[in-house]
Amino acid sequence: MVTYLKNDCGMANIAIHVRKKFGNAVARNRVKRIFRASFYNLREVIQGQNLILTPRRAAKGLGSIEISLLLEKCLADAGMSRKK
């Protein structure tokens, strides 16, 4: 799930909120690392936005490529990405 808000600084900011129900600390930190890396690959596309990412349990078994593609799709659906 992606929540976003426009900001005035022109830079994209990110917060990744993973609930304890997601899994143990290793699983939570792994998904945060993958989402953070995906965000850094897309940060030029989403300038001027504050994003809050909340991964669902289905993301637990996915790899970095799948998560990156899902993040791109979510951003395109929200109208923030040039790729649709």
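Quick notes on this one:
- Answer residue from segment 12-26, given it is of a type outside the set (Gly, Ala, Ser) and over 15 Å from the mean Cα position of the chain (by Cα) and is nearest to Asp77 (Cα to Cα) among those: Phe22
- Enumeration of residues in segment 25-79 that are part of a helix (DSSP H, G or I), of a type in the set (Asp, Glu) and either in contact with an Asp or Glu (Cβ under 6 Å, 6 or more places away or on another chain) or surrounded by fewer than 16 Cβ atoms within 10 Å (Cβ to Cβ) (or both): Glu66, Asp77
- Test set (1) within 15 Å of the chain's Cα centre (by Cα); (2) of a type in the set (Phe, Trp, Tyr); (3) at pLDDT 80 or above - Tyr4 fails condition number: (3)
- Contact map, segment 6-26: first residue farther than 12 Å from Pro55 by Cα, second residue outside any helix (DSSP H, G or I) and of a type in the set (Val, Ile, Thr), Cβ cut-off under 7 Å, separation 6 or more or different chains; pairs are Ala12/Ile46.
- Within the span defined as segment 55-76, one or more residues are in contact (Cβ under 8 Å) with a residue 60 or more places away in the chain and out of contact with any helix residue (DSSP H, G or I) (no Cβ under 9 Å at 6 or more places or on another chain).
- Selection over segment 7-24 of residues that are in a strand (DSSP E or B) and either surrounded by 12 or more Cβ atoms within 10 Å (Cβ to Cβ) or modelled with pLDDT of 90 or more (or both) gives a count of 3.
The values are calculated or read from the model by the stated rules, or taken from the named source; none is laboratory data. A quick note: this is a predicted structure, and the numbers were derived from the prediction, not measured. We place every Cβ from the backbone using ideal geometry, glycine too, and count neighbours over all the protein chains shown.
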